[in-house]
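The values are calculated or read from the model by the stated rules, or taken from the named source; none is laboratory data. Computed from a prediction, not measured in an experiment: that's the story for all the values here. Cβ atoms come from the backbone with ideal geometry, glycine included; neighbour counts cover every protein chain shown. All accessible areas refer to the heavy atoms of the entire protein, side chains included, with ligands and DNA or RNA removed. Shrake-Rupley method; radii C 1.70, N 1.55, O 1.52, S 1.80 Å.
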Amino acid sequence: MDALSTDKGQVPEYFRYHQKTALLRTFLRHPMTRVGLPGLLIIAIAAVLGPLLVPYGADEPDLAAIFAVPSWSHWLGTDQLGRDLLARLLEGAQVSLSVAIIATLFATVLGCLYGFVAGMGPVWLDRIMMQFLDTLLSIPVLLLVIVAQAFGESSVLKVIAVIGLASWMGTARLMRTECRRLMAADYISAALVGGASQFRLAITHLLPNAAAPLLVVVTVGVGQAVLIESTLSFLNLGVPSTLPSWGNLLGNGMSSLLGGAWWMVLFPGLMIVFTVASINLVGDGLRDIVDPKRRAGL
Amino acid sequence: MTVKTPLLSINELSVTYGSGTDAVKAVRNLSCDIGCAEVVGLVGESGSGKSTVAQAILGLLDSDNSAISGRIEFSADNVLAYDSAQWRAVRGSRIGMLFQSPESSFNPVTTIGEQMLESLCWHKALSKAQAKTAAIKALSDVGMPRPDEVFHHYAFELSGGMCQRAALALAMSLQPSLLLADEPTASLDVVAQAELVRWMGRVQKQRQLAMLVISHDLNLIARLADRILVMYQGEILEQGPTRSVLENPQHDYTRALINAVPRLTKYPSISAGESLYQANTEEVQS
Amino acid sequence: MSTPLLNVEAVSRVYHSLGGMFSGKRHNVRAVNQVSLSLAEGDVVGLVGESGSGKSTLARMIIGLEQPDSGQVLLKGANIHACRAQQLRRMRQTMQMVFQNPYTALNPLQRIDAAIVEPLVNFKSLSQKERTTVAVRALEDVGLPARLLHAYPHQLSGGERQRVCIARALSVQPKLLLCDEAVSALDKTVQAQVLTLLRQLQQRYKLAILFISHDLAAVNQLCDKLLVMRQGEIVERGNCQTLLSNATHPYTQKLLAANHYLEGVGQ
C-alpha cells in the first residue's frame, strides 16, 4: 500500500509556489504600477520631508517679494503676501493628503459595515438597504457636499466627515456584492455549522476574502477624495482658508490669475493632477492583479 | 490486436513545467500508440500527469510555462510542429474532446442546437438544413430522448448527465477519428455515469472510433478500454491489454490501485486480487 | 425507548421557480417531500439517490442551514428550527457536517491550524498553546502530519483537505456527523482511504454518521443501514447488506444496476 500513501504528495510541486510573493512581484512589475508607485512615493516623501528642506515657512510673508516670478530664490514663485509657493504646496500636501486618507478610511469603515449588514442579512433587509443606496447614489455628490458645507463653520473635521459621507456608497455596494458571493461558498456554511457568530464570520472569513477588491476601491477612493477636497476648497467650502490645502491654493491663485500670476494656478493644478494620476495608476495596477480574469498566465 | 499504422503515436514525450530549480517534470518519457478503433485507458491519481498528456496531444499547453520534448504524431503528422491555424483545423473535427465539466463544452448564452450548427457549418461546410439534420442525428446517436427538443435547450437546462451526453454528441457530430475524454464521468452521479459509459461504448463500436480515456476511475477504464496505461508521477508504470492488467497486475502500485477502489462487487475473475480485496474490507470493518 | 439522537419528522421543502425564461409558467419543485428518519447514537446510515433527488437539501435542513416548509428536525428531542440562534449555535456542538467539495470548504486565506480549531474557539476560549495542542491531535486523528499545521489549503491535495475538513468537524466532539457527498470529489483510491478513516473515527468516538452519496459502493463500504431517496421521497430503507442483495423498489434496482454496470458485472 506504499504507493497509495501518496495522497499527501498529489499536488504537483508547481502548484505550491508562493502565491503571495508571485502576486507582489506581478504587481511591482506591472507597467501601471511602475509609473504610479514611484510618483506616489515622491509625493509622500515630499509631503513628509519637504517642509523641513525648504528654507521658507509656509506662512512666512515676505512683503519685499510679492508675486515673485519663479526664480532661483523662489522656485515656484510667491503669492500676494510674498509667501513661498513651494513651501505652501508641500505644507498643503500634508493637509490635502491627510484629509483625503482619513476621509477615505472613514468611508471604508462605514461602507463595510453597511455592506456587511446588507450582504449577510435577510433578503428583505438587503432589498431595502440597496434601494436606499441607489437613491443616495442618484443625488450628485457635489450638490450633497455643498449643501452640507453651507451650514456652520468650516473645519477640517467637518470636511473629512462630509467627504466620507459622500463617498462610502461604492464601498458599501462592493462589500455587499462580495458578501452575497462569498456567503454561497462552502466554507461559510462550514463556519456557520461550526457555530461562528455573524461578527466572526465577517471578520475572519468575509473581510479577508474581500480584501483584494476592497483595496482597489480604497486606493482609487483616496484619489477621488483628493479631488473632492480640492474642489470644495477651491469653492471656498473646504478646509479653512488659512490652511494651505491644494484646493485653497488653487482658488487663491485663480483670483490672482488676472494679475498675471500664472504660477499660482499652474503648480497647484499640476500637483493635484500628478497625485490623482499616480493614485489611479497604482489602483489600475492593483485591479489588474486582483481581477483573476485579467491575470492570465499567472 | 496488432496495430499496423497507429492513428496517434506518442514517442518519448516529456513535459516540464517551470524552469531552473522550480522545474517539475509532469510527464516523463511517455510512449504509446493508439490504433484505429482502439480504446486506450490512461489511469492515474490526480497529479500523476495524465491531464498534461491530454493537453499536450491537443496542443493546449502554454508554451511560456512548459517545455515539451519527444514526438506526437497524429495520422503520421507531427502535431507538435503545428501552428494555430493547423490546430484549429484538427482540434474538434479530427480529434474530438470531452471534458470533466459538461457545462464547459457549451456556451451558456447559446442553445445546444445553435452551437452544434455553428461548429458543423464551420468545420464541415454544410448548409444550415443539412447541419440541423446532422446535429439531431448526432443527438439521437447518443441516446438523447427527444433530440429535436433538446436542440432548443440551453446547456444549464439539462441535468449533468444529459449535458455530458450532449457534449458527446457535439464532439461526435464532426465525426472525428479520435476522441479524447478527460475524466468524462467525474462530475456525474453513478446512474448518469453508467448511461454515459454505455453510450460512449456504443458510439465507439458504431463509428470504429479510436479513444483515449483518461480517468482516476478504474471502473470506467475497465469498462471501455482495450488497453490500459497506468501512470504514476509522470511515468507509465505498466501497460497492457485491459484484462491482463486487471487480472494479473505486474506492478505493486497497479495492484494497490485495483484493491483500494470501493466496489460493490469484486472483479469477477481476479483470483489473486480477490483475497487482497477481502483483506481490505475486513480491515475496514474491524 | 429513549429519544433518538436525531429525529427528522415529515420534513418538506418546496422550491419555487419560474418555468422557462419567457414562458412565465411558475412551477414548484418538491425538493424534499415528507421525509422522516431517525438516527440513534453510533448509527451509520447511508442516504443514496441521484443528483437532484433532494439529498443535499435534506442535509442542509438537518444541519440548520435551511428552513423546512413543514415538519421538524429534533436533535436530542429539541427542535432545531424552533429555537433561538444562540441555542442553535450551542446545539451545533452535537452535530457537524463535512461538505462535498474539499476545494471550496476551506477558507483559502485561513491556515490549517486556525481552520481546525475554529469551531472549538466559538464555544471555548483557548490559549494559543492549547489551540496548537488541539490542532496537532486533530491532525494526528485524521492521519496527517503535524507539519501541515501552518500550511494554507492550496498547498494541500484534495484528500488532505477533506481530512482537514473532517478534523475541523470533529474538533467539537460531536455526536453526529453529516457527510454530504464527502468523498465524491476525490479520486477513487483516495475515496477508499477517507472511507476507511471515517469508519475508524466512527468506532473510536462512537459517532453517528449520516452519509449522503450517489455511490452505492462507497455507502456499502461504510454504512450499516441504507435509505434510498428519489425525487424528494424515501422509497426504500433497511439494512445495507440485505437491501443491496435484495432490493425491491425498482429505483434501488436501477441504482444497483448502474453500479454493477460500471463495475463490469453481468456483461
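Expressed as a whole percent, the accessible surface of region C:34-184 that belongs to carbon and sulfur atoms is 46, based on a 1.4 Å probe. To the nearest ten degrees, helix C:188-205 and the longest principal axis of the Cα atoms of chain C are 70 degrees apart. Estimated from helices alone, the mean residue ellipticity of chain B at 222 nm is -12000 deg cm²/dmol (sum of -39500 (n - 2.57) over DSSP H runs with n ≥ 4, per residue).
What helices does chain A hold that run 20 Å or longer along their axis, going by alpha-carbon atoms, with a Kyte-Doolittle average of -0.5 or more, using DSSP H for the helix calls? Helix filter hits for chain A: A:31-53, A:85-120, A:123-137, A:169-183, A:207-234, A:263-290.
The dipole here belongs to region B:87-237: it is taken about the Cα centre, uses +1 on the Cβ of Lys and Arg and -1 on the Cβ of Asp and Glu, and is about 680 debye. Counting only heavy atoms of the protein chains and using a 1.4 Å probe, A:V265 has close to 30 Å² of accessible surface. Buried area at the A:C interface is about 2600 square angstrom, summed over both chains, from accessible surfaces computed with a 1.4 angstrom probe.
Computed on protein heavy atoms with a 1.4 Å probe, what is the summed buried accessible area for the chain pair B and A, in Å² to the nearest 100?
900 Å²
The C and B chains share an interface that buries close to 2900 Å² of accessible area, total over both sides, probe 1.4 Å.
With a Förster radius of 22 Å applied to the C-beta separation of A:M254 and A:A150, the computed FRET efficiency comes to 0.60.
A Förster distance of 30 Å, applied to the separation of the beta-carbon atoms of B:Q206 and B:D33, puts the FRET efficiency at 0.85. Comparing A:N280, A:N252, A:N209, which has the greatest mean-square fluctuation in the GNM of chain A with Cα pairs linked when under 10 Å apart? Taking springs between Cα atoms under 10 Å, the residue moving most is A:N209.
When only alpha carbons of region A:94-296 are considered, Rg and Dmax amount to 19.8, 72 Å. Ligands, DNA and RNA aside, C:M229 has an accessible area near 0 Å² when probed at 1.4 Å. Taking Cα atoms only, the orientation of helix C:112-123 departs from the longest principal axis of chain C by about 80 degrees.
Ranked from largest to smallest solvent-accessible area, with a 1.4 Å probe on the protein heavy atoms, B:C32, C:C83 come out as C:C83, B:C32. Beta bridges from DSSP with both residues in chain B: antiparallel share about 55 percent, rounded to the nearest 5.
Under the criterion of Cα pairs below 8 Å and six or more residues apart, the relative contact order for chain A equals 24 percent.
So which of B:K25/C:K129; B:K25/C:K188; C:K129/C:K206; C:K76/C:K188; C:K76/C:K124 end up more than 32 Å apart by C-alpha? Over 32 Å Cα-Cα: B:K25/C:K129; C:K76/C:K188.
Per-residue mean of foreign Cβ neighbours for C:46-55 is 3 (Cβ atoms of other chains, 10 Å radius).
Annotation for region A:206-221 versus region B:70-128: alpha-carbon center distance of 40 Å. A:F151 contributes an accessible area of around 140 Å² to the protein surface, as traced by a 1.4 Å probe with all chains present. Calculated accessible area for region A:94-296 comes out at 45 Å² per residue, all protein chains present (probe 1.4 Å; ligands, DNA, RNA ignored). The relative contact order of region A:107-249 comes to 31 percent, based on Cα pairs under 8 Å that sit 6 or more residues apart. Bridges between two residues of the protein assembly as shown, per DSSP, are antiparallel at a rate of about 55%.
Excluding A:G82 itself, what net charge comes from residues whose Cβ is under 12 Å from its Cβ, given Lys and Arg +1 and Asp and Glu -1? The answer is -3. In summary, the convex hull built on the alpha carbon positions of chain C has an orientation-averaged projected area of 16.9 nm². Any chance you could check the Cα centroid distance between region B:187-224 and region B:1-46 for me, in angstrom? For region B:187-224 versus region B:1-46, the Cα centre distance is 20 Å. Summing +1 for each Lys or Arg and -1 for each Asp or Glu among the other residues whose beta-carbon sits under 14 angstrom from that of C:R84 gives +3. For the segment C:213-219, counting C-beta atoms of other chains within 10 Å of every residue's C-beta and taking the mean gives 4.
Roughly how many whole Å is it from the C-alpha centroid of region C:243-264 to that of region A:118-148? The distance from the Cα centre of region C:243-264 to that of region A:118-148 comes to 57 Å.
Quick check: with the 1.4 Å probe, what order do C:K124, B:K124, C:K188 take by accessible area, largest first?
From most exposed to least exposed: C:K124, B:K124, C:K188.
Under the criterion of Cα pairs below 8 Å and six or more residues apart, the relative contact order for chain C equals 25 percent. Of the residues in region C:227-267, those shielded by at least 50 Å² of accessible area once partner protein chains are present, compared with the chain alone at a 1.4 Å probe, are C:Y261, C:L262, C:E263.
Quick one: accessible area per residue over chain B, 1.4 Å probe, rounded to a whole number of Å²?
On the way: 12380 Å² over 286 residues.
Heavy-atom SASA per residue in chain B reads 43 Å².
The mean number of partner chain beta-carbon atoms within 10 angstrom of a residue's beta-carbon across peptide B:251-263 is 6. Share of carbon and sulfur in the accessible area of region B:149-211 stands at 50%, probe radius 1.4 Å. With N as its number of residues, the protein assembly as shown has a Cα radius of gyration that, divided by 2.2 N^0.38 Å, comes to 1.15. Of C:R137, C:R111, C:R147, the residue with the greatest mean-square motion in the GNM of chain C, using alpha carbon springs below 10 Å, is C:R147. What a 1.4 Å probe finds exposed on region A:94-296 is 73% carbon and sulfur by accessible area, rounded to a whole percent.
With R₀ set to 25 Å, the beta-carbon distance separating A:L142 from A:Q80 gives a calculated FRET efficiency near 0.35. Count Lys and Arg as plus one, Asp and Glu as minus one, and take only other residues whose Cβ is under 11 Å from that of A:V193; the net charge is then +1. When +1 charges are put on Lys and Arg Cβ atoms and -1 charges on Asp and Glu Cβ atoms, the dipole computed for the protein assembly as shown relative to its Cα centre reaches about 1240 debye. About the centre of its Cα atoms, chain A shows a dipole size close to 900 debye [charges on the beta carbon of Lys, Arg (+1) and Asp, Glu (-1) only; nearest 20 debye]. Computed from label points 7 Å out along Cα-Cβ, the spacing between A:A161 and C:H154 is 4.3 nm.
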